[in-house]
Amino acid sequence: MAGKVSAFATISLNTMHIGHSVIFREKVSSTNDLAESLIRDGEGSDGMVIYSHEQVSGRGQPGNEWEGEPGMNLTMSIILRPNFLHPEKQFLISKVISLALSDLLTNLAVEIKIKWPNDIYARGDKIAGILIENSLSGNIIDYSIAGIGLNVNQVNFKSGAPNPVSLRNITGETYQVDKLIMELCTHLNWWYTRLRDGDHSTIDGEYRGLLYRLDEQATYMVSGLRIQGTIRGVDRFGHLLVEDEGGTIRNFAFREIVFIP
């Protein structure tokens with residue numbers, strides 16, 4: 001499946017593992033869907049990057065859509081073959097994607113926090129989202145598709161999303177999306193190498209330090225009830241660890257706890 005290749009693809013082709021091969025489409029349903037199709041056709045290699053200027057059905061976590069003006073934002077997916085990673089540790093993939101985004105934005109003088117489980121916040125608003133879809137085969141992860149959406153040059157957002165913000169909103173500058181993709185792949189290569197080398201302690205420590213509301217008492221919704229709790233970290237399964245008012249550490253899977261502004 002040949003695709004239009006951007007300048008980014010030519011530059012990065014022989015320099016990195018993630019981004020060694022690039023598929024570009026002007027318009028797709030979603031980059032994750034295209035990645036899945038490439039894998040089914042036997043063409044989706046480890047480290048392949050798929051990106052597009054427009055997603056007509058871009059999505060976040062189940063039930064959520066990703067809004068983006070054509071050509072204004074970074075919308076991409078990466079195919080990974082992390083067969084070295086046990087399925088119970090699959091949340092480490094989300095961690096390395098989050099840390100790579102953190103490095104990219106920090107280098108642009110944007111301070112961020114990671115809002116568990118899959119959002120990147122800047123100035124208390126959502127600037128990026130991550131959607132990771134894993135396919136398991138026995139005790140290994142056969143492949144992962146990591147979808148990334150980063151608000152870059154879009155200024156106005158029309159959807160019902162409560163708090164979107166873009167790089168341009170924050171800095172007033174306009175950015176070359178291709179260049180940001182290349183820089184993000186550079187950071188992803190560094191963190192993915194840490195993952196392949198088994199350096200989980202570095203990944204865990206850096207991720208924990210960037211958690212939104214870490215060690216701050218705040219209000220959450222659990223089973224329809226408001227509770228006061230303090231985020232203490234994330235366990236090895238990717239569950240959020242929250243200390244309640246009685247001092248008990250409770251763990252929560254996705255959608256079991258809701259952040260209250």
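Just wondering, is there one or more residues in segment 73-84 that are over 30 Å from GLY198 (Cβ atoms) and at pLDDT 95 or above?
Scanning segment 73-84, I find at least one residue that is over 30 Å from GLY198 (Cβ atoms) and at pLDDT 95 or above, so the answer is yes.
For the subset of segment 186-240 comprising residues that are within 27 Å of MET48 (Cα to Cα) and of a type in the set (Ser, Thr, Tyr), which member is surrounded by the most Cβ atoms within 10 Å (Cβ to Cβ)?
Within segment 186-240, the match that is surrounded by the most Cβ atoms within 10 Å (Cβ to Cβ) is TYR192.
Residue by residue through segment 173-185, note down the ones that are of a type outside the set (Asp, Glu) and either in a strand (DSSP E or B) or surrounded by fewer than 15 Cβ atoms within 10 Å (Cβ to Cβ) (or both).
THR174, GLN176, LYS179, listed by residue number.
Could you tell me which of the residues ILE141, ILE170, ILE132 is more than 15 Å from the chain's Cα centre (by Cα), closer than 20 Å to LEU210 by Cβ and buried (at least 17 other Cβ atoms within 10 Å of the Cβ)?
Exactly one of ILE141, ILE170, ILE132 is more than 15 Å from the chain's Cα centre (by Cα), closer than 20 Å to LEU210 by Cβ and buried (at least 17 other Cβ atoms within 10 Å of the Cβ), namely ILE170.
Confirm whether THR219 is at negative phi and touching a helix residue (DSSP H, G or I) at 6+ places or on another chain (Cβ under 8 Å).
Answer is no for this residue.
Within segment 113-129, how many residues are in contact with a helix residue (DSSP H, G or I) (Cβ under 7 Å, 6 or more places away or on another chain), at negative phi and surrounded by fewer than 22 Cβ atoms within 10 Å (Cβ to Cβ)?
3
Quick check on my filter: what residues within segment 80-104 are of a type outside the set (Asp, Glu) and either more than 13 Å from the chain's Cα centre (by Cα) or not assigned by TED's automatic domain parsing to the domain that holds THR31 (or both)?
LEU80, ARG81, PRO82, ASN83, PHE84, LEU85, HIS86, PRO87, LYS89, GLN90
For segment 178-190, check the following and say yes or no: at least one residue is free of Cβ contacts under 8 Å to residues at least 40 places away in the same chain and not acidic (Asp, Glu).
No, that holds for no residue.
The values are calculated or read from the model by the stated rules, or taken from the named source; none is laboratory data. Remember, it's a predicted structure, so these values are computed and weren't measured experimentally. Glycine also receives a Cβ, built like all others from the backbone with ideal geometry; neighbour counts cover every protein chain displayed.
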